[in-house]
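Since the structure comes first, as structure tokens, the remarks are kept for the end.
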Amino acid sequence: MTNYGNAFANHLQDNIVAIKKAMGDSTDLVIREMTLAHTCNIGLFYLDGMADRQTIQESVIAPLLDRVDDPTVSLDVIRMSMLDASDVQSVQSMDQALDKVLSGSLLLLMEGHAHGLIVALPGWEDRSIVESKTQPVVRGPGDSFIETLRTNTTLVRRRVKDVRLRVCTITIGSESKTDVAFMYLEGVAKEDLVRDLKQRLEKARVNQVLEGEYLEEILQEKKRLTIFPLLYNTDRPDTIAAGIMEGRVAILTDGTPFVLLAPTMFVDFIQSAEDYYQPYVFSSLIRLLRYAAFAICMLAPSLYIALTTYHQDMIPTQLLLSLTAQREGVPFPAFVEALLMETTFEILREAGLRMPRTIGQAVSIVGTIVVGQAAVEANVVSAVMVIVVSITAISSFAVPSYAMAIPCRILRYIFMGLAATMGVYGITIGILVLITHLCRLDSFGVPYMSPVSPYRKKERKDAVLRFPYRSALRKRSGAK
Amino acid sequence: MKLYRHSFVILVLVMTLILPGCWNRKELNELGVVLAAGIDTVGNQYEVSVQVVDPSAMSKQRIGDRSPVLVFSERAPTIFEALRKMTTKSSRKMYLSHLRMLIMDEATARRGIQEPLGFWFRDHEVRPDFYIAVAKGRRAKDMLELVTPTEALPAMDLYKSLEVSEKSWAPTAAVNVRELFQTMTLDGVNPVLSGLTIKGDMEVGKQLENAKQPLSFAEYQFVGIGVFREDRLIGWLGEEESKAYNYIMNRVFSTVGRVKCPGKEGDFVVEVTQANTKMNPMIKNGQPHVVLNVFVEANIGEVHCKVDLRDAQVFNAMQQAAQDSLAIILEAGVHKVQKEYGTDVYGIGEAFHRKYPKQWKEWKKSWDDMFQNDLKVEMRFDYNLRKLGKIIGPLQKESGE
Amino acid sequence: MRKMILTTRQATFWFTLHQLGSALLVIPSTLVFIAKQDAWLAVPVALAAHLLLLLLYFRIANRLNGQTFHEHVVSILGKWGGGLCLVVFVMAYPFLTFTLVIRDLGDFLTGVMMPETPSEAIYLLMLAAVWYVVHGGVRTIGRTVELLFFAFLFLFVLLTVSLIPSMNMDYILPLFENGPKPIFLASISLFAFPYFESVLFLFLASHMQYIQQWKTVVVRSALLSGGMFFLVVFVVIGVISQGVVADVAYPSFFVVRTISIGGFFERFEVIVAVLWYITIFFRLSLLLYVSSYALAGIFRLKDWRSLLIPLCTLGFFIAPLTWPNTSVQMQSIRAWPYYTVLFGVLFPMVIWLIGSFRGNHGKK
Amino acid sequence: MTIVAMIVALSGALLEYRRLVQNKSYRDIIMSVCLLASGLLLGILQMLKVKLPSLMGGITTAFEPFSKMVESWFS
């Protein structure tokens, strides 16, 4: 705990001094002293920008000035009858009071009272609700989460109008004091799962929580080393609402539009919200396409290496001849060539992401078209290699979840290495190990690869394919 | 601890990756892709020639005057040695997986093909899907050196030509290595191979000039079928006899046949659209007897005589004529193979083996002799002429007599 | 109710892949060499014999009562006798098979795919993968097999279907050319390898919920793998005729090399190889698991996982010693069935006999 | 390659032993060391090009009579 005093003093001035000291004379701290009914001194404390000035004026200052005419008025009376604000609470300790002030509330202290009132009037600048940036859909709801926790819980609650919906909030991070809210359906979500999650987060000793990833790493099970995401994150409220109704727990972090879902399975990352808004035949096919894209993204360069350096006999003769012709004069082995191009592409991609948006496009054009073309012309790489790299890159965008595209990109390099040493045998072994690894993973007690393995008949209907709604109620793992 | 164990797995991977490198790696530009190979017998040695693609000549910005293929040849007592010796002449390793054609000269074929072919079965690189042919009257090496006009790569030209001609012109036999392997391992059938020769001026044919004008100086041609006993070439079948072979082996997909017009001057041509032969072995009086049921469907393709095709009787007569002429061809073919060469390339022995396994055991030893002397071949035809094409009568109307 | 580790489904798939294992590639040649074009008939014969043998195993399984098989053996033969028998059994059968399979894999890869690669590298990579999956325990293996079985099935069906157009029924004829004797002789090879190895499933019986489940699993997997063997042998003979099958080392691999459908659907024999790697992977995992699990049980170790690395190492170094050249291997294939009779038939028979003697004795 | 395999096996085993020592499973360690040592010994012998007998060769010679016998029944 920090060193500011714990209890309020009786004197208002003492309190003012104490608060000023605790906050270190921050310039955004507003202290408004007022005298009501000529004798009654009160002090209002709030952080400029965090609390809404206009509302303070309208619902606190104006009513107090108008209504208080008895100098002996008590804080309780003020709380009960004088203020126009909706959320007013009494506060006893200064710690609590300051925490509230820091999150945008107004503190009201009165001379002669060793406690205060907290009026919740948060009013900082918000981003408005816009379309999801990471997972936009053609058909389906367009809203997405924003940085404010309350707005986010509202977005979810609007979709799950059930009394069993629980929202419980804990604060973690000794410095950031971030509110983290759990949302789940009581009786649908497994109780021990909720308890487990809460315990783990409460036990965690962290200074700051700025985004869900902090939590993700805290919650990661038993230090198990994996590059696969064990928690699903999205900024789409509909996905989260669906998850909650399936019996999962949503973890909302204040200050980030990304919400986590636990437990998570591999199939979640291949599914998109839109699958549920399109006819099921189409959705199922699209899902298969995504699995293919996932595989291509991971394996295309390694297969190219394996085929051209080990299994030339698998390439049809005509194709082999044109490949050979293209590779004439290319100075590098296929593996180095692939490594070079893939890395170039990763750099381009990273540069394109971090660049100011307006320049980003230029970079990608210069990078892909000009560099690619020139590299082929200059005989540094073969044209097919450029095609392979492009296909890989495009496929990586077809995986709906960015979180799943990341391991895919890492594994691509491992597979390239395996292909360069052992050809298809190496790739097969790599796939076997990869699948074993996936099968060893658990996400909060739910096997990562379920419902495919272990096979669950009911849940299978929404795993790889999407069955029609009449046959598949969207119920998945957590539901028990 | 989990971390350690996982890092152990990664360690294993990394070690296997980095330490020993890539043993079996062959970059594409280190390979000489062999599309065709030829085997000649020179004295006691084999002369092996390979036709290798020159990849730079295949690329888009090809340098005009270079030949798209190169031919290397080397002499050694065995095939493998010869192939390996070639590395002294070429910077690239000969890559055999894409072999399309294997050509042997007649001398080799007559000496026995088992020995020179053994390598092509054993080597792991060679795939069992190339065609084999015998160079008739030419050296195999010459066949590889010929510059072909239709396709830049002579081997591909040969390969495709063989495939197409087998599909639409019966007197060739596209025998790939698998079929050859099968016929060589079975008792009751002997192998055949297609014959291949070059017509024209070979000296010019070897130069790029050959492909530079519409009419080539020299061109290859598939001619007839070579008949083997065990693994030795013993003779050739002419065009008609080869056709008979294909009819009997049920390998006619489509072909054309010229038939004399019944009762008139001139010929007409039928296009066979469907041909199906069933071999029905039986034992009559303790002697082998085989019935060939030939079913043919054909259309009229060309008419050189003055007939009225609207007349069903005429049409029937033509059908009969077509059937008769086919019967003559088949009988001549069978006769030549049976009596002259006495080697069962039709697999009639196998047919007996399948139907009368017990009897076959007795006959197996002396089958070649029985085939030549005791076997009776009976043919039954079911010949159907169906359509006339776009026009009905011959263009020339019958002038009023 | 016992703790369920393997579901029926997982166990069925695992056992099936184990049985297909290395046999998928090698067995057609062996069978056809003996029984010529009738080899496909040897498969149902072997399967029938296997189902009969299973009755014996079921008898033993009934006696387990929640014990593991090695506990059962120890309880019958005594602590020292049983222990000794089991150690010999494990080292001479599942573990030896383990090394043979590794060797098979190396021979295949260096023989037809990558001749210049040292076998050691191939062993190392495969053993690392097998170690990883076995280290995850039965649960992980079960899940992995559940997932990969579909990949396997897909590839298998793809191959068989693409082979069917090139089949020539004439090659199957004549039936019973040499009478039934060669068929029986050939079926012995298949019966012994891989079906005697079903005795190893006894070690896994305690991982299933009910013994009844285990029985259905064993029967089902036998039928499944038997069906696949049948299909493979039948199709392979039909496509390339018995003479060729007997003469090539890996017929199911060779046969795919000859396929060309429409001029573009060709040159995919690597699929057979991939198929085979998958089955080998699970075969090795079962053999390694049984070896280490049983050994750990006999020596009363706390964790069977501690034996994985030593066993893998031992396997790695024994593999080059199994046979010096291919001829010895060919020869050993013929003697192998009679060696495995010791473990597949005699050993369980003895256990059963002594067990029933003791059981009756106790009742009286 | 053999050396690589040995290093991998040894390092893996050592990591394993750290855990086993923590769990006080000394019995496991003894077993494991015995097996590992025999494995490594074989490896060293192979590296020294010592001629070792082939396993299957032995089995073949021992069981050849049986196979001959059965084959004679069926032919």
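Taking other Cβ within 10 Å of each residue's Cβ, how do B:Trp120, B:Trp236, C:Trp14 sort, fewest first?
Ordered from fewest to most neighbouring Cβ atoms within 10 Å, B:Trp120, B:Trp236, C:Trp14 come out as B:Trp236, B:Trp120, C:Trp14.
How much net charge surrounds A:Thr178 when only the other residues with a Cβ under 11 Å from the Cβ of A:Thr178 are counted, with Lys and Arg +1 and Asp and Glu -1?
It works out to a net charge of -3.
With only alpha-carbon atoms counted, please give the Rg and Dmax of the range B:143-246, in Å.
Taking only Cα atoms of the range B:143-246, I get Rg and Dmax of 15.3, 49 Å.
What's the magnitude of the charge dipole for chain C around its Cα centre, counting Lys and Arg as +1 and Asp and Glu as -1 at the beta-carbon? Answer in Debye, nearest 20.
It comes to approximately 1720 debye.
Roughly how large, in nm² to one decimal, is the mean projection of the convex hull of the alpha-carbon atoms in the range A:149-262?
6.6 nm²
Counting only helical runs of four or more DSSP H residues, what would the 222 nm mean residue ellipticity of chain A come to if each run contributes -39,500 (n - 2.57) and the total is spread over all its residues?
So the helix-based figure for chain A works out to -13500 deg cm²/dmol.
Could you work out the Kirkwood radius for the range A:279-447, taking every pair of different alpha carbons, averaging 1/r and inverting it, reported in Å?
17.4 Å
Any idea what the alpha-carbon Rg over 2.2 N^0.38 Å comes to for the range B:61-199? Show your work: numbers first, answer last.
Numbers: Rg = 15.6 Å, N = 139, 2.2 N^0.38 = 14.3 Å.
That ratio works out to 1.09.
Take every Cα-Cα pair in the range B:238-401 and report what % of them are more than 27 Å apart.
So the portion of pairs separated by more than 27 Å is 35 percent.
What are the extents of the Cα atoms of chain A along their three principal axes, in Å, largest first?
That works out to 100, 52, 39 Å along the principal axes.
Just the C-alpha atoms of the range A:12-120: what Rg/Rh do they give, with Rh taken as the Kirkwood radius?
Computed over Cα atoms, the ratio is 0.92.
In 10 Å bins starting at 0, how do the alpha-carbon pair distances of the range C:127-198 split up by percent?
It works out to 15, 20, 35, 20, 11, 0, in whole percents.
Under the √(5λ) rule applied to the eigenvalues of the Cα gyration tensor, what semi-axes describe the equivalent ellipsoid of the range B:198-252? Give them in Å, descending. Can you show the working numbers first?
On the way: eigenvalues 201, 41, 13 Å².
Whole-Å semi-axes of the equivalent ellipsoid: 32, 14, 8.
With both partners inside the range B:36-140, how many of the DSSP beta bridges are antiparallel, as a percent to the nearest 5?
Of the beta bridges lying entirely in the range B:36-140, close to 60 percent run antiparallel.
Within a Cβ distance under 10 Å of C:Pro115, other residues only, what is the Lys/Arg minus Asp/Glu net charge? Walk me through the numbers on the way to the answer.
Working: positive: none; negative: B:Asp123, B:Glu125, C:Glu116.
Here the charged neighbours net out to -3.
Over its Cα atoms, what ratio of radius of gyration to 2.2 N^0.38 Å does chain C give?
0.98
What whole-number distance in Å separates the alpha-carbon centres of the range A:89-132 and the range C:3-78?
First find each Cα centre; the distance between them is then 72 Å.
Quick one: helix D:2-23 against the long Cα principal axis of chain D, what's the angle to the nearest 10°, folded into 0 to 90?
Between the helix axis and the principal axis of chain D, the angle is about 60 degrees.
Which three numbers, in whole Å and largest first, are the semi-axes of the equivalent ellipsoid of the range B:311-401 derived from its Cα gyration tensor as √(5λ)?
43, 14, 10
Can you give me the span-like helices of chain A, meaning DSSP H runs with 24 Å or more of Cα extent along the axis and Kyte-Doolittle mean at or above 1.0?
Helices meeting the criterion: A:280-309, A:402-440.
How far is the Cα center of the range D:1-74 from the Cα center of the range A:368-417, in Å?
The range D:1-74 and the range A:368-417 have Cα centres separated by 44 Å.
Enumerate the aspartates and glutamates that B:Lys358 could reach by cross-link, defined here as Cα to Cα under 16 Å, with residues fewer than 8 away along the same chain left out.
B:Asp187, B:Glu350, C:Asp38, C:Glu177
What is the order of A:Glu342, B:Glu271, fewest Cβ neighbours within 10 Å to most?
Least to most surrounded, the residues fall as B:Glu271, A:Glu342.
Compute the signed sum of charges (Lys and Arg +1, Asp and Glu -1) over the other residues within less than 15 Å, Cβ to Cβ, of C:Ser225. Kindly include the intermediate steps, with their values, before the conclusion.
Details: positive: C:Arg220, C:Arg283; negative: C:Glu197.
Net charge in that neighbourhood comes out at +1.
So if I restrict to the alpha-carbon atoms in the protein assembly as shown, what is the Rg, and what is Dmax, the biggest pairwise distance, in Å?
40.2, 145
In what sequence do A:Arg139, A:Arg327 fall when counting other Cβ within 10 Å, fewest first?
Exposure proxy ranking, most exposed first: A:Arg139, A:Arg327.
Return the Cα extents of chain B along principal axes one, two and three, sorted largest first, each rounded to a whole Å.
97, 60, 59
Using only the C-alpha atoms of the range D:2-73, find the volume of their convex hull and express it per residue in Å³.
Cα-based convex hull of the range D:2-73, divided per residue, equals 131 Å³.
Quick one: which of C:Lys302/D:Lys24; A:Lys100/A:Lys161; A:Lys177/A:Lys203; B:Lys260/B:Lys306 span more than 18 angstrom between C-alpha atoms?
A:Lys100/A:Lys161, as the Cα separations exceed 18 Å there.
Using the charge dipole of the range A:299-376 (Lys, Arg: +1 at Cβ; Asp, Glu: -1 at Cβ; taken about the Cα centre), state which of A:Pro356, A:Met341, A:Leu321 has its Cα farthest towards the positive end.
A:Pro356
If you consider only alpha-carbon coordinates, what radius of gyration and Dmax does the range B:94-137 have, in Å?
10.9, 32
Can you quote the Å³ per residue value for the convex hull of the Cα atoms in the range C:220-364, rounded to an integer?
Normalising the Cα hull of the range C:220-364 by residue number yields 195 Å³.
Using the alpha carbon gyration tensor of the range B:29-138, what are the three equivalent-ellipsoid semi-axes (square root of 5 times each eigenvalue), largest first, in whole Å?
Semi-axes, largest first: 25, 14, 14 Å.
Any read-out appearing in this document is the output of simple, stated calculations on the displayed coordinates, not a laboratory observation. These numbers come from a predicted model, not from an experiment. Cβ coordinates were reconstructed from backbone atoms using ideal geometry, including for glycine residues, and neighbour counts include every protein chain displayed.
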